[in-house]
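The values are calculated or read from the model by the stated rules, or taken from the named source; none is laboratory data. As the structure is a prediction and not an experimental result, all values here were calculated from the model. Reconstructed Cβ throughout: ideal geometry from the backbone, glycine too, with neighbour counts over all protein chains shown.
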Amino acid sequence: MSAIWRTQYQKKLRSADDAVRVVKPGDTIFMGEFAQNIEALDEALARRKGELTDIILETTTRTRPLKCVDADPKREVFTWGDWHFSGVGRKYSEVGLASYIPFTYHQGPGAVTHYNKVDVAFVQVAPMDDKGFFNFSTSCSLAPAYCHKARTVIVEVNINCPRCYGGNSEGIHISEVDFVVEGPNNPLLELPAAAASDADRGIAAHVMELMEDGATIQLGIGGLPNVVGSLIAQSDLKDIGVHTEMLADSYVDMYEAGRVTGKRKNIDKGKMVYTFAMGSRRLYDFLDNNPMCASYPVDYTNDPENICKNDKVIAINNALEVDLFSQVASESSGARQISGTGGQLDFVFGAFKSKGGKGLICISSTFKKKDGTIGSRIVPTLTPGTIVTCPRSIVHYVVTEFGYAQMKGKSTWQRAEELINIAHPDFRDELIKQAQELNIWRRSNKIA
């Protein structure tokens, strides 16, 4: 390592308690993203609770509890806003300790740059390299924008962070950092493999009918993407490309099976492009110093104008409810915030603009209610208070275990008919009746 960078490192090295002294009353602090959970700085900030007032904390899908929020159960000092809820964010929200920040994912860096007050950025990074760079590791979506905007940048080094190659902005130089804190070096959060349901397997089979050689794919998180990834790995599909927001273990399966080459991509040819990664240690080991993979800020990966530059983009996302007007709700149940918009809207829009592309909203036809009864996820109208994630004008395909329905160019009655055809058979008659009451049903309509 160059002596000049090592000297700067030592001059800027601080304990966590010393570093957080830069925080002033009224400050807004970025607290990191996804698997890159700020730890030492979080605990040190919690210890300053009695000295501070009106502190805003901002995260992107915090996946471990925040100690400073736990230290302030009455929300007297710390107010937490999250750009996308994990289970942790949702739990804190339900007791009034976290708030969701609505946005369309690819616009996030622009929102930070133009509208957000950012005083201090805490970012967990991989150790400094011999050129003086810290790598943002698995999470590059909003971190660069926050670091560029902040008055003070503090990096928390974790030796367990993989060094992830990027297309741009994947790291920050020691000269741009104000303080360095060496963290507790805890392993990154690992996601347990999500179990797939029979419905997931049925949906995945229909997704495979829409897949083609040379397709560029985007998969979300959960049991369904795992099944789709497994089916692609076991298939004879050729030259699959990857351009996604989240990189998960299923991509490693597809790559090791020889299905992912990226040879037919028009941009980032041969690269697996993503903005954040979460999964098992196997995924993190795969990413470490791997030139096959390229992380970018989310205003690149999720910009529909970039997504559509590749042909045959297949975007696969899930939802909570779809109504007979084809409105898609993927982030809330009534007024209860479950997750967030994320990149679903970005990829549905971008996939439609892609030559031969398909934006898929995948949803199981039914769900089990708290009382043990079964409800339909295809409904006449969305539950009151529910947030629309994808407006009907944007929706392309809807897929259930009973088939898929293409929405573009369809009238309201045609959409209702298509959706009822892929609803669970036990609910179809009632849905027809409700469609008639809503005046979106032709008398001559017939259900398959």
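Structure above, values below:
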| read-out | value |
| --- | --- |
| Selection within the stretch 198-229 - among the small types (Gly, Ala, Ser) and either at pLDDT below 95 or under 22 Å from the mean Cα position of the chain (by Cα) (or both) | Ala204, Ala215, Gly220, Gly222, Gly223, Gly229 |
| Total residues in the stretch 223-239, condition closer than 14 Å to Gly258 by Cβ and either β-branched (Val, Ile, Thr) or not assigned by TED's automatic domain parsing to the domain that holds Ala257 (or both) | 1 |
| Residue list for the stretch 163-214, filter: surrounded by fewer than 18 Cβ atoms within 10 Å (Cβ to Cβ), of a type in the set (S, T, N, Q) and closer than 30 Å to Lys11 by Cβ | Asn168, Ser175, Asn185, Asn186 |
| Complete set of residues in the stretch 397-406 that are surrounded by fewer than 20 Cβ atoms within 10 Å (Cβ to Cβ) and in contact with a strand residue (DSSP E or B) (Cβ under 8 Å, 6 or more places away or on another chain) | Gln406 |
| Qualifying residue in the stretch 75-82 (condition: over 26 Å from Gly334 (Cα atoms) and either among the hydroxyl-bearing types (Ser, Thr, Tyr) or touching a helix residue (DSSP H, G or I) at 6+ places or on another chain (Cβ under 7 Å) (or both)) | yes |
| The stretch 382-422, residues that are more than 11 Å from Phe325 (Cα to Cα), in contact with a helix residue (DSSP H, G or I) (Cβ under 8 Å, 6 or more places away or on another chain), part of a loop (DSSP other than H, G, I, E, B) and not hydroxyl-bearing (Ser, Thr, Tyr) | Ile394, His396, Glu401, Phe402, Lys408 |
| Unique match (being in the same structural domain as Glu209 (by TED's automatic domain parsing) and either β-branched (Val, Ile, Thr) or surrounded by 15 or more Cβ atoms within 10 Å (Cβ to Cβ) (or both)) among Pro384, Pro425, Pro380, Pro391 | Pro380 |
| Search result, residues across the stretch 30-66 that are over 28 Å from Ala248 (Cα atoms) and either in contact with a helix residue (DSSP H, G or I) (Cβ under 9 Å, 6 or more places away or on another chain) or among the hydrophobic types (A, V, I, L, M, F, W, C) (or both) | Glu43, Ala44, Leu45, Ala46, Arg47, Arg48, Lys49, Leu52, Ile55, Ile56 |
| Strands (runs of 3 or more DSSP E) lying entirely in the stretch 263-381 (those with 3 or more residues that are touching a residue at least 24 places away in the same chain (Cβ under 8 Å)) | 272-274, 293-295, 313-318, 321-323, 358-362 |
| Those residues of the stretch 28-43 which are surrounded by fewer than 23 Cβ atoms within 10 Å (Cβ to Cβ) and outside any strand (DSSP E or B), in sequence order | Glu39, Glu43 |
